[in-house]
Every structure is written in structure tokens, then in C-alpha cells.
């Protein structure tokens with residue numbers, strides 16, 4: 001931020017909106033829509049999670065959705081005053097961190113999915129999925145939190161190195177999250193391909209037909225409590241959420257890498273489409289295909 005703006009706290013002729021890091025008034029309608037929708041999804045997650053007793057999943061996904069809601073409330077504050085420190089700090093910290101909690105929700109399901117479908121087909125033992133990937137996700141959250149805190153505190157600083165340092169930490173955290181998700185996705189894809197191949201070969205050997213369903217669970221006591229159709233829907237929903245969050249992470253890396261106030265960062269429609277909409281779609285998938293209904297083994 002140019003030195004002449006470091007004392008600005010409201011829009012005036014001396015402190016124009018073009019001098020802010022984003023360079024615009026956040027759109028009232030769009031940001032209110034996201035804040036309200038995330039609020040409704042948060043209520044739904046709390047109700048469904050309490051009803052079905054999926055406490056850990058509710059905590060992870062609930063924190064992610066709450067962070068998104070708070071972030072868009074921060075952007076609404078910035079609509080009233082683009083120079084607002086409170087609004088900027090809320091939106092930068094919350095919108096950077098929240099998707100990591102949603103990614104943790106995905107990792108929580110993997111152990112149970114592997115046990116359900118057949119741990120013998122996984123290159124990684126089922127028990128290690130949450131430990132490795134949630135651990136890595138936690139590391140990315142910590143790095144991003146530190147970066148967001150540095151960036152928020154440096155907004156009105158005359159020392160540009162603080163903003164640069166915060167930016168670098170946020171990029172590092174998001175890059176770590178992207179790598180974690182990519183490795184996880186490759187392992188899960190390999191698991192399902194190996195399972196499909198083995199089950200197809202077994203079926204062909206027995207009666208000459210091919211069975212590509214997701215039936216025949218491995219868990220000992222869930223055969224009568226889980227619908228194979230619902231489980232397939234659950235798998236597709238988790239996969240869909242995975243790709244939308246990954247798209248958001250990939251978008252965020254070049255957006256942040258261009259430095260504070262770069263043209264990508266000042267393009268609100270692209271931000272709302274590749275960040276807000278992607279995370280919202282993932283949150284909807286988590287809610288509509290909630291494991292409490294679609295995957296009782298959790």
C-alpha cells in the first residue's frame with residue numbers, strides 16, 4: 001500500500017477506494033447472498049450433525065462453513081467502508097483458512113470408506129489416512145493463519161515487507177494444501193481402480209459376468225444399515241467437493257502470488273466464481289450428501 005494511504009480509515013478524496021488493496025466496494029448483493037447461504041448451511045450442519053452424532057465431521061465442516069460466513073460478513077463490512085480494518089481482517093483470515101477445515105472433512109471420511117470397500121485394495125493403511133492428511137492439513141492451516149495474521153496486521157503499515165511476508169506464508173500454506181489434496185486424490189483414485197479391477201476379475205472368474213457396483217462392504221455390522229445407492233451418491237458428493245476445493249486452491253495461488261493489489265486480486269467476479277462459488281458448492285455437497293444419512297458407518 002502506498003505510504004500516503006497508511007493512515008486512511010474511510011473513503012475520502014484523499015483516501016479513494018482505488019487506493020485500497022482490492023480497489024473496489026465489495027458487491028452488496030453477491031456477498032450478502034454468500035453470507036446468508038453459508039449461514040443456512042451452518043445451521044443445517046449443526047442440526048444434522050447433532051441428530052446423527054457425527055461429531056468430528058460436524059466440527060470440521062462446521063468450522064469451515066462458519067469461517068466462510070464470517071469472511072463474507074467481513075466483505076459486507078468492507079462494502080460499507082473499504083478501508084475497514086475489521087472487515088479486511090475478518091475476510092482475509094476467514095476466507096483463507098475456512099476451506100482447509102472443509103478439506104479435513106473429506107479426509108475424515110476416507111478411513112471409513114476404505115474400511116467399508118476393502119482395505120486390502122489401498123496402498124495406505126486405512127488408519128493412516130486421517131493422521132497423515134489431517135496432519136498435513138493442520139500444518140497448512142497454521143502456516144496460512146500466521147500469514148493471514150501478518151497480512152492483516154500489516155494492512156496499514158508503512159513496511160511493505162510485512163505484507164510480502166504474509167502473502168508468502170499464505171501462498172505456502174495454500175500450496176501445501178493443494179499438494180496434500182493432490183496426493184490424497186491420487187491414492188483414493190488408485191484405491192477405487194484397484195478395487196474395481198479385482199472385483200471385476202473375481203466376478204468374471206465365477207460366472208462370466210461383470211459387476212461394477214459398490215456393494216459388498218467390508219465392515220462387519222453395516223450390511224443392513226447402508227444403502228449401496230446412497231453410498232455411491234456419498235462417494236460422488238465427496239469427489240465433487242474435493243474437486244471444487246482443489247479448484248479454489250489452484251485459483252488462490254496465482255491470485256496471491258501476484259502481490260497485494262494485483263489485477264487478479266482486484267477482479268471480484270472471478271474471486272466470487274472461483275473461490276466463493278467453489279467453496280459454496282462443496283459445502284452444499286457436504287450437507288445434501290451428509291454421511292450421517294448417506295454413510296452410516298461413520
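Rule-based calculations on the coordinates, nothing more; no lab input. All values derive from a computational prediction rather than experimental measurement. A quick note on method: Cβ atoms are made from the backbone with ideal geometry, for glycine too, and the neighbour counts reach across all protein chains shown.
Observations on the model:
- If you plug the beta carbon distance of residue 277 and residue 165 into 1/(1 + (r/R0)^6) with R0 = 35 Å, you get a FRET efficiency near 0.70.
- For peptides 83-90, 166-173, sequence by mean Cβ density within 10 Å, most packed first: 166-173, 83-90
- Additional length obtainable on full extension of the chain from residue 266 to residue 53, 0.36 nm per residue less Cα span: 72.5 nm
- Convex hull volume per residue in cubic angstrom - Cα atoms of the range 91-186: 68 Å³
- By the beta-carbon count within 10 Å of each Cβ, the least crowded to most crowded order of 278, 256, fewest first, is 278, 256.
- Approximate spin-label separation residue 139-residue 80, in nm, with each point projected 7 Å along Cα-to-Cβ: 4.1 nm
- Semi-axis lengths (Å, descending) of the ellipsoid that matches the C-alpha gyration tensor of the range 1-108: 34, 13, 8
- Counted residue by residue at 0.36 nm each, then reduced by the alpha carbon distance between them, the extension gain from residue 236 to residue 253 reaches 3.5 nm.
- Extended-chain gain in nm, criterion 0.36 nm per residue less alpha-carbon gap, residue 229 and residue 182: 14.2 nm
- Dimensionless Rg over Rh [the chain; C-alpha; Kirkwood]: 1.06
- The chain, relative contact order in percent, only Cα pairs under 8 angstrom and at least six apart counted: 21 percent
- Degrees separating the helix 55-80 axis from the principal Cα axis of the chain, which is the longest one: 20 degrees
- This ranking places 6, 79 by how few other beta-carbon atoms lie within 10 Å of each, fewest first, which gives 6, 79.
- Spin-label model distance (nm) - residue 293 vs residue 7, 7 Å beyond Cα toward Cβ: 5.7 nm
- Rounded to the nearest whole angstrom, the semi-axes of the ellipsoid equivalent to the range 237-298, taken from the Cα gyration tensor as √(5λ), stand at 30, 10, 7, largest first.
- Nearest-ten-degree value, helix 28-52 long axis tilted from longest Cα axis of the chain: 40 degrees
- Computed over the chain, the per-residue total of -39500 (n - 2.57) for DSSP H runs of n ≥ 4 gives a 222 nm mean residue ellipticity of -23500 deg cm²/dmol, rounded to 500.
- By the count of neighbouring beta-carbon atoms within 10 Å, fewest first, 12, 200 end up ordered 12, 200.
- Between helix 135-153 and the chain: long-axis angle, C-alpha atoms, 0 to 90°, nearest 10: 10 degrees
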